[in-house]
Every structure is written in structure tokens, then in C-alpha cells.
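**Q** Structure incoming, see below.
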Amino acid sequence: FFFSCNFRRFTFLSIHSFTKMSRSGETQTGNDIVLELSRGNKRYVQSRQGLPLAPKRPPIEVLLDDRLLPAQVKAVVISDARMLEPLDNVFDQGAGELMVVRVCGYVCSQGRDIVTGSVEFALSKMRPRILLVLGNSGSDPIRDAVESVRQGSDGKDCMALVRQVRPSAADAAMICPSASFEDMCAKAAEINVWKTMENILKNSSMIADQVKAHKLEVHGAYLHTASGRVTFFGQHPGLQSILMERPLEDMIRTAGHPSVPPEVAHAMLYAGNQRYASGKGGRMKIHDEKLLIQLAEGGQNPIAVVLGCADSRAPIETLFDVRPGDLFVLRNAGNTCSSATGSMIGSAEYALSQLGTKLIIVTGHTKCGAVTAAVDAVRKNISYENYPSNIGAVLQDILEMAREAVQQLPGGTISEQVALATKLNVFHTIERIIKYSSVISTAVKMGDVQIHGAVYDIFSGSVEWLGQHSALEEIVGQPMPLLRWRVQKYTRTTTPKAIGAHAKTAIAHLQEGNMRFVTQTPHADRSQEREPLAVVVGGAELRVPIENIFDTYNGELIVHRIMGSVVGRLDGTVMASIEYAVVTYAPKLLLVLVADQSSIMTAAVNNLSGADDISPEQRVLVDRISVGAVRAMEEVARDPSCTVAGRVARVHKLATELNALYMLESMLKSSVILEAAKMGLELHAAIVNESTGVVDFVGQHPMLECLLTHGSSSSSSRNNRSHESHIACRKGGKRTRGDWASVAPSNTTHGAKPKQCQCSTQPRRFIFSWQTRAPRVRHKGGFDTYCFNQSERHLTTGCEHCRLWTAIDFSTAGGSVGASDTKGGEGEEGEEREKRERERAKRQKGGQGEERERAKSQRAGNSEVTKPATIDIPEVGSTGPVAAGEAT
């Protein structure tokens, strides 16, 4: 009776909930949702003035809810990574009712973008009526872009993220050229909202089609951080003109696209073959004229070189289900490489060195006539050395592997021996490719290129992946610990790496906050603003704000939220945002937080199992997250579970953890993050249990030392303007460029004590901008800028908000500093202030030419300066120095 009553009650509630969700989806229009968000924001503003908000369910209960009955998502929101309060609070919505995608500067670049892919994936799964792009005042990338435009810089030396925002800042400067700095920032922020909306509508055919069909509305809004009030802009004023040109439904790779990492390319081919073997292939079909024009005029940029057999039953592009332009195919009978001077080696070198390809696949196939003939010759003791035609030369290349196969299986059937000889021949070709080509050998040693073997089954259509050569270290002549780690069975290390003091403090703080979240004992008041403690890259699919999961104070976390916690490619928006956050906020910890029941991980596993093809925008996400899923599936296949459910659960769990570690690997390929990691920034992975809310800290990457070493050698050949132009260091103590280590403030009396800034008693962060040669200290009210004058060799320090200035003269290489107060100005007129700033910028610009000549003469042989000078820069409000190594 008890179970019967509860079952009936559950059935009634389920039907009622689904009916309610269906009705709300049918009757609520986009304007209704915007009105609801506006009313919620008014309640939030009133709460900041003392009026209490209506109590809401604790966020932990949202996670504990039945996943079959999740909260209805009302809107997908794109916002800034640095928000002082979760958007659930800003709009007074319950946890799970908003799905948020967050990057610094709320930007979305043109083309196939991770941000667009995250938004499209969220819209396809949750189907809300509103996509809201939310700008905010005080956005640091906006301020940096406006500052760069006002200085007359061309922006080439700005960080990648700031360069994305500069067009908005340039438009703001043209629209209101005489506006104050704050007003120009506000205008640039508004234009940046419109720009992000434009890029999303131009990037995604799915979103554009939904907008045309009135199933989705894309709105803009602006958050006034000081008051908490949100101003809604409505839809884009040029919406109709944007929608007139429909985005391309698919993508053809051209020379303008970036290279694909080898592990990502391997996952793409793995998924493509599974589609083909399942009868769901068909990417070779192209009907769009624009795609054909791209294919003909855009050059080529293949994701892989495939050396396969010329057998007509093994069509390479078809069996991997790729688009034209994806593969650089080399074929001959028996997929051999017989000569170091032949066209096979030269063609492969061309693809690697000129086209940027990172993956080579050597694929044999079953029922290969050449291999079968070679095995038959060995069995019958036939020699082809003096065979009258070139067929003998082809078979002679395979005879060695055929003999080895017959020796290993002396009592086997000819079919078994041919199958073994086919695999041995694949590995023999891999070995010859590496030995015959110094270009390929060097790339393999560096880890930039991978060579995998595969065998295609003509009957089933599936490919058996053989992996890289088992004796690769012997072939290249050096140890490859990263390769060994990637091919061995993964187990989490039981002896975690030593954690630095700062990172240990940050992790302990997050663990304590997570325990409060789980036990529903959060801080009574989290409104107190604090310094950034960590940069978090979390999944947008999490139904609870990450700030709530760790119960942190406002401002302690710089939160990036992307579907699957995917960081994307090196030149992508998300990576640029993470680099900017690392440089600007100098965190102690960079944490990748993944969800244990992520819907996008499920999509990746399904994609690798032969599911229907997905959209190009979602493919950008799924391809990256599939790297860990491929390894997980291969490991579980070697040790099968007793049940299908057990196998699926093991694959999902292992893939989730491997995905978090792969994101750490991807970030360490950035020279900016790599340099920060060497100087003390720690990268950790963590998994949040969506059923309990408990966060499991996985730790650092097991092969961190190898990644740091490999990153050093690889990044030396990469041109990264962000690393060259912007290096950050923490305030307090004497430091060299890029030092993140903890150094206690010195008590030395070098320098002079400037007048106390009236914005704040302590600066918030200390940044060196190598574009202007001017380190700056940001205050709550403005910038305290140290402007280095190249010709007069002195530093001018002062707060742009308070207008207090101190000139610091230094002429000795050792860094002794003398100072004298100069005339400052509190309450100066705006025009006079602008005039002085323009004159100062002009002097700096004029001195840069002299500085370049001095630097060139030093590089040419001037040995007077043997090491970088350390400059003691006094802190605001103290006499302790903050050093700037290599300031000149």
C-alpha cells in the first residue's frame, strides 16, 4: 500500500510537472521572460537597499532534484568572467533557471567559436526563448581597450582578448571623442554587447534560423555594477540586415584555419569512421555554392596525412567520413614506404611543414592483395628479387614482414598470418617514415606530430586503431615519458605532487566553502568584495553558480563557464580570456572544474559510438572533449565490464577525469600560462558530483614536469604577442619580469613615499604593460600609473582618479631611487587633464624610437649591460619596493 500510494503520487507529480513545463514553454514569449528578468533585477536592487528578498530554495537542493525533472531554463546568458555576484542573484532567479556562458569581456569572435558552440549546445538541449548578452560596467578588457585607443596605439602589442574588444572601443572613441574615460568605457561596453550579438547571429545557422522562425530572441543588456541595476537594450537594431545573409551550414577547411592538434584530429577520424561503419556517414556531399568556392579558392589545411593502400575497396575519405579538404591522402599498393627519396616522404613532409598538419595515419586493410601475395610467397618459398616487372619490387618491401608473421604463427592459417602481416607492415611503414625523414623525426621528438597505425576492415567498415609504434622511443633515440603515460592504463596517482603555499591556501579555502555548500551552512553575508583568489574554468551545464558551489565572497573567483569546460584552441576566445585573467589578476590557482554527469560528455561518447552527425558549432566542442573519451573507451574495451550499464558508467567516469587533465595540457601550450606555471601559478583539476555537490580535487597533471619542459621547447617557435607584450607580477617585494612567486615586502628605504592615494589604501593588483612600458596599479577608483619616460629616465607615479603625482628619478643601473614631489592636481578641469594626458602620451611615443635604437645597439654587441637592472618602485602608501626587472 505504501509503495502503491507513493508511485501514484510520483506519477501525478511527474505528469503535472511536465504539463506545467510544456505550458510555460508554449505560452511564455520572449518579452514575458525579459519582463520577468527585469522585475527580478528590480527586486535585487531593492534588496541592496535593505528590502529583503523572498526566500528561494537552497542551491544544493537543485542538484539533489531528480534529473528527469530539472528546473526549466528561462534564458541562456553570455556575461563577463569577473562578476561580483552570480547572475541568479542579479535577476533574482532560482538556481538552474539561467544557463550562463562566461568569458572575460563577454566576447564572441567570428567564425567557429567555442563560445558560439556552447550557446548553440545549450539552446539545442534546453530550448529557452531568450539569449541574453549581458555587458557590465568596470569590465577590465573594455577599459584596457579604451585606454589603448586613447593612447593612439595600433593594438598589435595588446593581449589577444583586448584586440578582440578594440573595435568596440574604437567605435566608442569615434562616436563620443570628447567623452571622459568612464563614459567612453560605458559606450564601448554597450557597443561590445551589440558586436557579440552580431557575431553569434553570423556564426550559427541554427541560431539565425530560430530567430527567423520567432522561436528565439537575442537581447542585449547592461549591468551597472555599482547599483546592480540592469538596463535592457532589446534586440539588435540591425537584426533584419544581419539575418539577410544566412551563415554557412557547414565548414570547409582552408589555409586560413588553424592547425588541429594531433590528438583532436585522431578523435575526429575515430568518430568519422564510427559514423561510416554505422551507416550514418555522408559528409562528402556538398551542395552549397559558397562552400565550393571556399574549397576552390581558400587553399588547403588538412587535419591529417593518411598513407593507405591503393586498393579500390578502401576509399580513404569515405571510410573516415570527412569533408573535402580534411585529409592529405597518399596511396600505393601495400601502403609501403620503400625509399627515403620517393614521393611518399616528400609529400608527407610538405603536408607537415607547409600545410601545418599534425597527424599521420598509416592504414592497412583486410584482404589486402599485396600482403596476401607476400605471405603466400613466404609459405611457398618464392622469391621476387628477379621478378621481371615492378610488381616484384612492391612485394619485396612486404616480404620481410610476411616472414615475421609466418614465424610468429607457424601453425596458423594463411588468413591469420595475413592479418598479422598486415599489422606488422603498418608498423614497419611507420618506422621507415620516421627514419627516412629528418623533418618528421624532429616533429615526432618534439611531440608536435603523432603517427598512428590503423587497419580497415573491408567487410564491417570499421577501423581497428593500432596506436603509435610500441618502439617509438628506440626509433627516435630519446625517452618520451608523455607518450608512455598516454598509452598506459590511467590510474589517479596516490602520491599527489607538492602544492605551493599559496595554492594550498586557495584549495583549502575552496574545500571549506564546498563543505559549507554541501551542509547548507553558507556564509551569512558574502557581499564583501575581495581580491581574486583563483581563475576557474567550469562547465556551463552546471545548474548551480560556481561561486555558490565554493561559497566564496564576491570577487574571489574569476569564473569562465563553457560547455564541458573546454578551453579550445590556442588562438580562440576562451584561451585568450584565460590568458588575460592570468596576466591581469595574477591568481594563485587555475582550476578546471568538470561535471561528473555532463551532457556534452554524453554527446561526445555517443558521437564516438556512431551517433548521428552534429552541427559544425557543436562539433567544435565535441571534438575537443572527445580526446579523453577516446582513451577511456579504448581502456574500458581492453578490460570489459560484466554489464552494458557498467561499461557506460566506467567510460563516462574515466572520460570526465581525462578531459579535465587534457584541458590542463591544452592550457600549458599557451606561452603565457606556461610562463606563469613556471613562476608559481598552479593548475589543478577537480570534478563536481552533480548528485551531491561534493567537489573532488584531482590535483595537478601527473606529467606536469614533462609538460613544462615540452612547452618550453615548443613555445620557443610560436609567436605569442600576449606573452611578449604583457607580463604581470604581484604587488609587494622585489621581482623580475613574470615572477608569480611569493616575496615578502622589503623594508628598504629606496625611493620616496608618494602622497597617499584617496581611492584606496591598498592597490588591487600590479601590472606591467610592455606596450606602453608603464606598470600600473589599479585601485577601486582608478589607475595608479607608473609612466617610464625613456628620454628623461624617470618614473612618474600617480593615480589617474586622484591626480596625485610623484616624479621618481633613477639614473643608476643598480636601481637607487631619488624622488621629488611635483605639482599635482585634485579637482582639475577635465579639458586640462585630457590635454596633459595627450602630451604625456606624445612624449612617450616619441621616446620609443630612441629606445628601439638603444636596444638594437645592445643586441648588436654592446656588452655594457650584462644583466637586467632591478628598479625599486615604491608602493602606494608604503616604502617597500616593487621591482620591475628589465623595465627598459
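The values are calculated or read from the model by the stated rules, or taken from the named source; none is laboratory data. In this text, all values refer to a predicted model and were calculated from it rather than measured experimentally. In this analysis, Cβ positions are derived from the backbone assuming ideal geometry, glycine residues included, and neighbour counts consider all displayed protein chains. Surface accessibility is based on the protein's heavy atoms, side chains included, excluding ligands, DNA and RNA. Shrake-Rupley method; radii C 1.70, N 1.55, O 1.52, S 1.80 Å.
**Q** Of the residues Met197, Met159, which is open to solvent by less than 40 Å² (accessible area, probe 1.4 Å), more than 27 Å from Leu37 (Cβ to Cβ) and at pLDDT 90 or above?
**A** The match here is Met159.
**Q** In addition: Given the condition touching a residue at least 24 places away in the same chain (Cβ under 8 Å) and within 18 Å of Lys497 (Cβ to Cβ), answer yes or no: does some residue in the stretch 691-698 qualify?
**A** Yes - at least one qualifying residue is present in the stretch 691-698.
**Q** Filter the stretch 52-85 down to residues that are touching a Ser or Thr at 6+ places or on another chain (Cβ under 6 Å) and exposed (fewer than 15 other Cβ atoms within 10 Å of the Cβ) and give me whichever is modelled with the highest pLDDT.
**A** Leu53
**Q** Still on this model: Before we move on, is Lys367 open to solvent by 60 Å² or more (accessible area, probe 1.4 Å) and modelled with pLDDT of 95 or more?
**A** no
**Q** Of all residues in the stretch 176-214, how many are part of a helix (DSSP H, G or I), out of contact with any helix residue (DSSP H, G or I) (no Cβ under 6 Å at 6 or more places or on another chain) and more than 30 Å from Gln28 (Cβ to Cβ)?
**A** Of the residues in that region, 4 qualify.
**Q** Pairs only if they're at least six apart or on different chains, beta carbon under 6 angstrom, first in the stretch 583-608 and over 30 Å from Ser278 (Cβ atoms), second hydroxyl-bearing (Ser, Thr, Tyr) and surrounded by 22 or more Cβ atoms within 10 Å (Cβ to Cβ); list them, first residue then second.
**A** The qualifying pairs are Val592/Ser565.
**Q** Give, as residue ranges, the helices (runs of 4 or more DSSP H) completely inside the stretch 75-173 that count at least 1 residues that are under 25 Å from Val535 (Cα atoms), among the β-branched types (Val, Ile, Thr) and under 17 Å from the mean Cα position of the chain (by Cα).
**A** Here the list reads 114-126.
**Q** Starting from the stretch 477-498, keep only residues that are closer than 26 Å to Leu589 by Cβ and part of a loop (DSSP other than H, G, I, E, B), then list their pairs with residues that are open to solvent by less than 100 Å² (accessible area, probe 1.4 Å) and of a type in the set (D, E, K, R) whose Cβ atoms are within a distance under 8 Å, requiring at least 6 positions of separation or different chains.
**A** Going by the 8 Å Cβ cut-off, the qualifying pairs are Tyr490/Arg631; Tyr490/Glu635; Tyr490/Glu657; Arg492/Glu657.
**Q** Taking the stretch 326-359 as the search range and keeping residues that are of a type in the set (S, T, N, Q), outside any strand (DSSP E or B) and closer than 13 Å to Val394 by Cβ, which one is most open to solvent (accessible area, probe 1.4 Å)?
**A** This residue is Ser338.
**Q** What are the residues in the stretch 481-506 that are surrounded by 18 or more Cβ atoms within 10 Å (Cβ to Cβ), at pLDDT 90 or above and more than 30 Å from Val630 (Cβ to Cβ), if any?
**A** If the condition is that a residue be surrounded by 18 or more Cβ atoms within 10 Å (Cβ to Cβ), at pLDDT 90 or above and more than 30 Å from Val630 (Cβ to Cβ), then Ala503, Ala506 are the ones that fit.
**Q** In addition: Tell me which residues, restricted to the stretch 326-344, are within 34 Å of the chain's Cα centre (by Cα) and farther than 26 Å from Leu292 by Cβ.
**A** Passing the criteria: none in range.
**Q** The conditions are (1) within 25 Å of the chain's Cα centre (by Cα); (2) surrounded by fewer than 17 Cβ atoms within 10 Å (Cβ to Cβ); (3) charged (D, E, K, R), and Asp448 fails exactly one of them. Which is it?
**A** Just one mismatch for Asp448, condition (2).
**Q** What residue, among those in the stretch 586-606 that are open to solvent by 10 Å² or more (accessible area, probe 1.4 Å) and assigned to a helix (DSSP H, G or I), is farthest from Ile673 (Cα to Cα)?
**A** Asn606
**Q** Criterion first (assigned to a helix (DSSP H, G or I), among the charged types (D, E, K, R) and crowded, with 19+ Cβ neighbours inside 10 Å) does Asp376 satisfy it?
**A** It is false that Asp376 is assigned to a helix (DSSP H, G or I), among the charged types (D, E, K, R) and crowded, with 19+ Cβ neighbours inside 10 Å.
**Q** So Pro258 passes all but one of these: (1) under 22 Å from Arg569 (Cβ atoms); (2) part of a helix (DSSP H, G or I); (3) not aromatic (Phe, Trp, Tyr). Which condition number does it fail?
**A** With (1) under 22 Å from Arg569 (Cβ atoms); (2) part of a helix (DSSP H, G or I); (3) not aromatic (Phe, Trp, Tyr) applied to Pro258, the lone miss is (2).
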